[in-house]
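Chemist: Before anything else, here's the structure in question.
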Amino acid sequence: MHPVRSLVEMESHLASIRQSPSDEGMVEMIVSRPITGGRQVMDNADLNIDSGLVGDNWVNRKDKHTADGKPDPGRQLTLMNSRVINAITESAERWPEAGDQFFVDFDLSDENLPPGTRLGIGQAVIEVSALPHLGCFKFGKRFGKDANQFVNSTVGKALNLRGINARVLTSGVVAPGDPIRKIL
């Protein structure tokens with residue numbers, strides 16, 4: 001098991017995180033969650049308007065945030081800045097444990113990507129949701145209380161260090177190495 005960094009070590013990465021590309025970045029890793037707790041790193045992914053990341057269990061999961069328990073379209077996809085997860089753990093092998101589907105070298109801050117912002121990712125188009133994506137019990141269990149403190153701090157929330165939620169607007173294929181860019 002590869003260790004995670006201390007809060008002080010994580011905070012030492014903030015300058016690099018703030019230098020993430022703001023107009024066009026890159027997809028570094030794609031992870032499907034085929035079953036609860038399961039992770040599969042993907043060479044490419046199909047994004048679909050109705051099911052999100054094809055092969056991911058989002059479409060079949062109960063959602064505690066909706067009145068009827070059905071999946072919330074605003075939470076179809078989760079994206080996390082690869083510089084942030086790298087600040088938390090020394091090993092890219094642990095990135096999938098975060099539970100996010102896309103790890104991107106891209107500025108995910110509220111200032112750069114307010115809700116409603118459209119992004120081209122590979123051949124697909126997605127829209128940033130207003131729904132917050134914060135560190136939770138499971139994230140803390142996997143990466144420690146320092147990681148939760150880091151992503152849920154005032155700075156962490158402003159920079160969306162835990163990541164963002166999004167929904168698919170235009171279906172398409174995405175692969176690591178593909179660009180992620182703002183659509184103006």
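Chemist: Of the residues in segment 76-92, how many are assigned to a helix (DSSP H, G or I) and open to solvent by 10 Å² or more (accessible area, probe 1.4 Å)?
Modeler: Going through segment 76-92 one residue at a time, the tally reaches 3.
Chemist: Next question. What residue, among those in segment 93-117 that are farther than 18 Å from F150 by Cβ and not in a loop (DSSP other than H, G, I, E, B), is most open to solvent (accessible area, probe 1.4 Å)?
Modeler: E93
For (1) surrounded by 13 or more Cβ atoms within 10 Å (Cβ to Cβ); (2) in contact with a Leu (Cβ under 9 Å, 6 or more places away or on another chain); (3) closer than 15 Å to I121 by Cα, each residue gets a yes or a no:
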| position | (1), (2), (3) |
| --- | --- |
| S12 | no, no, no |
| D43 | no, no, yes |
| A67 | no, no, no |
| G74 | yes, yes, no |
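Chemist: Would you check which residues across segment 118-137 are in a loop (DSSP other than H, G, I, E, B) and surrounded by fewer than 17 Cβ atoms within 10 Å (Cβ to Cβ) and list them?
Modeler: Q123, A130, L131, P132, L134, C136
Chemist: For segment 144-164, give me the residue count where each residue is aliphatic (A, V, I, L, M) and part of a helix (DSSP H, G or I).
Modeler: Of the residues in that region, 4 qualify.
Chemist: Something else now. So T66 ticks every box in (1) modelled with pLDDT under 95; (2) under 26 Å from A147 (Cβ atoms) but one. Which box is left unticked?
Modeler: Evaluating T66 over (1) modelled with pLDDT under 95; (2) under 26 Å from A147 (Cβ atoms) leaves (2) as the failure.
Chemist: Give the number of residues within segment 38-48 that are touching a Lys or Arg at 6+ places or on another chain (Cβ under 9 Å) and either under 24 Å from D146 (Cα atoms) or in a loop (DSSP other than H, G, I, E, B) (or both).
Modeler: 1
Chemist: Pairs please, first residue from segment 105-127 and within 21 Å of N86 (Cβ to Cβ) and of a type in the set (A, V, I, L, M, F, W, C), second anywhere and open to solvent by 20 Å² or more (accessible area, probe 1.4 Å) and not in a strand (DSSP E or B), Cβ atoms under 6 Å, 6+ apart in sequence or on different chains.
Modeler: F106/P21; L108/N160
Chemist: Residue by residue through segment 23-38, note down the ones that are surrounded by 15 or more Cβ atoms within 10 Å (Cβ to Cβ) and out of contact with any Phe, Trp or Tyr (no Cβ under 7 Å at 6 or more places or on another chain).
Modeler: M26, V31, S32, R33
The values are calculated or read from the model by the stated rules, or taken from the named source; none is laboratory data. Note that the structure is a prediction, hence the values are computed from the model and not measured. In this analysis, Cβ positions are derived from the backbone assuming ideal geometry, glycine residues included, and neighbour counts consider all displayed protein chains. With ligands, DNA and RNA removed, areas are computed over all heavy atoms of the protein, side chains included. Shrake-Rupley method; radii C 1.70, N 1.55, O 1.52, S 1.80 Å.
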